[in-house]
1. Consider B:Gly42 against the criteria (1) touching a strand residue (DSSP E or B) at 6+ places or on another chain (Cβ under 7 Å); (2) assigned by TED's automatic domain parsing to the domain that holds B:Tyr329; (3) modelled with pLDDT of 85 or more; (4) not β-branched (Val, Ile, Thr): it satisfies all of them except one. Which criterion is unmet?
2. Is it true that some residue in the range A:114-121 is more than 21 Å from A:Ile196 (Cα to Cα), at the interface with chain B (Cβ under 8 Å from one of its Cβ atoms) and free of Cβ contacts under 8 Å to residues at least 12 places away in the same chain?
3. Return the residues of the range B:1-24 that are within 8 Å of chain A (Cβ to nearest Cβ), in contact (Cβ under 8 Å) with a residue 12 or more places away in the chain and over 14 Å from B:Ser299 (Cβ atoms); say none if nothing qualifies.
4. Which of the numbered conditions does A:Ala130 fail, given that it passes all the others? Conditions: (1) aliphatic (A, V, I, L, M); (2) buried (at least 22 other Cβ atoms within 10 Å of the Cβ); (3) within 11 Å of another protein chain (Cβ to nearest Cβ).
5. Among the residues of the range B:184-194, are any surrounded by fewer than 20 Cβ atoms within 10 Å (Cβ to Cβ) and acidic (Asp, Glu)?
6. Could you please tell me which pairs satisfy a Cβ distance under 6 Å, a separation of 6+ or placement on different chains, a first residue in the range B:58-75 that is assigned to a loop (DSSP other than H, G, I, E, B), and a second residue that is loosely packed, with under 14 Cβ neighbours inside 10 Å?
7. In the range B:238-290, what count of residues is obtained for those that are under 23 Å from the mean Cα position of the chain (by Cα) and not in a helix (DSSP H, G or I)?
8. Given the conditions (1) assigned to a helix (DSSP H, G or I); (2) under 23 Å from the mean Cα position of the chain (by Cα), and given that B:Asn109 satisfies all but one, which numbered condition is not satisfied?
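The values are calculated or read from the model by the stated rules, or taken from the named source; none is laboratory data. Remember, it's a predicted structure, so these values are computed and weren't measured experimentally. Note that each Cβ is placed from the backbone with ideal geometry, even for glycine, and that neighbours are counted across all protein chains shown.
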Amino acid sequence: MSPSNIVTIRELSKEYRQGEIDVVALNNISLDIAQGEFLTLMGPSGSGKSTLLHIIAGIDRPTKGICRVQDIDVTKLNESGLADWRNQNVGFVFQTFNLIPVLTAFENVELPLLLTRLSAKRRREQVKTALELVGLADRSKHLPRQLSGGQEQRVAIARALVTDPKLIVADEPTGNLDSSSAQEALSILQLLSKQIGKTVIMVTHDPKAAAFGSRSIHLEKGELTN
Amino acid sequence: MALPLRYSFRNVLIRWRSTFATVLGIALVVFVFVLLQSLAAGIEKSSGNTGDSRNIMIVRKGSTAESASLISRENLREIQYFEEIARNERNEPVISADVLVLANLPRVNNNGEANVLLRGISARGAELRPQVKLIAGRWFTPGKREIVVSSRMAKRFANFGLGQSFKAGTASLTVVGWLDGGGSAFDSECWMDADECRSLFERDLYSSFLVRPVDEAAGAKLLERIEADRRFKLKAEKEEAYYQKQTMTAAPIKWLGGFLAIMMSVGAVFAAMNTMYASIGARTREIGTLRVLGFRRRSVVAALLIEGALLALIGGVVGCAIASLWNGYTTATMGFETFSEIVFEFTVTPRLMGEGLIFAVIVGLMGSFLPSVRASRLPVIDALKSV
């Protein structure tokens, strides 16, 4: 493993059973992702790109292989260990934003910080900084339903970066956005990678979105094609 | 770390339309529970208010109530000269030999008939019961077939107005006064002269003696003396203790209240469960997101249990609020000690309301337990994929 690699994947496979059929989602994948890289995962539906992203992010488990993020093999962590690890190391951005509808933008962004030992004052400062970074400081008291899709996704990005994680994973983050909102969201992810040095891994179908990344890899039938 | 309380609280409020029926169901259970218990509390309070700590009640050995007791006139002649018994300013022993008679009398508005307890008291009878006040008219004059009725009974029975007469057995009695028992069991009685009562209703024997000892020590001595003297075959106990035991009527009401509440709560638990399943089912992805962010299973379960408890608590508060409207309302039932109509007030105490709220929370927790555990056990990835 190169010292600059944040993610090291070796011979990773994932199989699952769908009815009577065994489906191979990932087949013997090996991959390195460098610190600060903006990697895009592309491929047709069912190619395994989201499965790969989920395994890296610690929300799914492989059938075999190694997935090391920094020094930790996430495949070896138990349920509660994984929950803590995700909270401290990974920020998530989803296609459907996944904000909690009954909480305001501020409270949504603050959620992951409630699991840390930060004081209320420190939490407020961090939430404010994250919302300023995505240009939504003035919308902090709004509920998700009072925001546009683009604004919701920017709140979700603020939530992903508020804990200062090493890794930000985004699963089709522009899938539900119009082109200008998509542009804004991608620009923020790019900025996080280029200027702040965060490692961003994004799954997308859209080649225009993939162009914002520093490297793009393709999957097909669970295998890397380039 | 737990999810913030506002998460649970706002989830209850935001889905108020779907939770409304459950809240009402739980409110109904708590209402029935609190109301029936307040009936029992009213009966208990009425009995508990009755005794005077200075008095001693004497009944026949083996009798559980004075209405089932018979004491001879010879016993009165002997006991009234005991030196333990106090004497008033005219040097008369403070003792009342009472006769209890049941009369079947018509209610107001032709609303059927019910047994009324007529108490014949001796001259000292009213002195021994200072909580009983004459609030209208005058006390009866012995020998003139006069009677003083409880003002609360006057509202419930025909011909109980001042100056009116009613027939009890073969006798015709004239109401000359109204008494107020101050929330005691005497609110369910009519008083007349003891010897007149015995002669009108052909009773040779008295039912009970109520006596005032000289002091505490004399009281203890009197209890011992009557208990030890084999000639009497009598039982003496403090009047307070006697009335505290006279709460048998409250027991079946309490039992019925508990039973009904438990039966209804089974339905309420299922209603709460249904609401929580629907509420949780609609936000499986939200729960998946919370897990992804690092919240553990137990945090999710706790938040959902709190939500269910809050939901039920709102129902509980509504139920208690409605039940409290009955507080102080006067009603009557047949007393199992005397088989006569007893008048009492619904008594919704803070303790009863507290019990009602705890009951509601238990219903809420039971109803939300299974849905919460099921939601928390769903694999994160499956929860996220949920539509």
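1. (3)
2. Yes, the range A:114-121 contains a residue that is more than 21 Å from A:Ile196 (Cα to Cα), at the interface with chain B (Cβ under 8 Å from one of its Cβ atoms) and free of Cβ contacts under 8 Å to residues at least 12 places away in the same chain.
3. If the condition is that a residue be within 8 Å of chain A (Cβ to nearest Cβ), in contact (Cβ under 8 Å) with a residue 12 or more places away in the chain and over 14 Å from B:Ser299 (Cβ atoms), then B:Asn11 is the only one that fits.
4. A:Ala130 satisfies all of (1) aliphatic (A, V, I, L, M); (2) buried (at least 22 other Cβ atoms within 10 Å of the Cβ); (3) within 11 Å of another protein chain (Cβ to nearest Cβ) except (3).
5. no
6. The qualifying pairs are B:Lys61/B:Lys233.
7. Going through the range B:238-290 one residue at a time, the tally reaches 5.
8. (2)
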